[in-house]
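Just below is one structure, and these are the notes that go with it.
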Amino acid sequence: MERHRPILRLTNVNQTIRFVKGAKNKENPWPVRIACSLAALYLVAPVDVVPDFIPIFGLLDDLLVILGVVTWVINRRKKLNAQP
């Protein structure tokens with residue numbers, strides 16, 4: 001498992017950068033910008049719900065946060081673009 005950790009950490013860094021860009025994007029509505037900001041803070045913060053040194057579950061909570069926020073942002077953007 002230790003062999004895969006750098007790849008997962010790189011994924012977290014890339015996703016954090018995307019969340020920061022989403023938070024700075026003026027075209028995004030405030031709820032989306034706030035969600036992106038909070039997700040980026042959670043991924044960068046040294047305190048996790050489940051510490052990263054616990055195998056599988058430590059990184060699973062980070063991945064669930066990424067998945068949840070990305071899904072919510074995509075759905076929110078679709079709803080806003082569908083409105084006349």
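Ranked highest first by average number of other Cβ atoms within 10 Å, how do 42-53, 25-36 line up? Could the numbers behind the result be given before it?
Details: 42-53: 12.1, 25-36: 13.7.
So the order, starting with the most tightly packed, is 25-36, 42-53.
Residue by residue, what Karplus-based ³J(HN,Hα) values in Hz, rounded to whole numbers, does the stretch 40-49 have, using 6.51, -1.76 and 1.60 with θ = phi - 60° and x for Gly and Pro?
Values, residue by residue: 5, 4, 5, 6, 8, 4, x, 9, 10, 5 Hz.
Using the Karplus curve 6.51 cos²θ - 1.76 cosθ + 1.60 with θ = phi - 60°, what ³J(HN,Hα) values do you get for each residue of the stretch 68-79, in whole Hz, with x for Gly and Pro?
Karplus values, whole Hz, x for Gly and Pro: x, 5, 4, 4, 5, 5, 4, 5, 5, 5, 4, 5.
Quick one: dipole size for the stretch 12-82, taken about the Cα centre, charges +1 on Lys/Arg Cβ and -1 on Asp/Glu Cβ, in debye to the nearest 20.
Using Cβ point charges on Lys, Arg, Asp and Glu, the stretch 12-82 gives about 620 debye.
Where a number appears in this text, it was derived from the coordinates with a stated rule and is not lab data. Just so it is clear, the structure is predicted and the values come from calculations on it, not from any experiment. We place every Cβ from the backbone using ideal geometry, glycine too, and count neighbours over all the protein chains shown.
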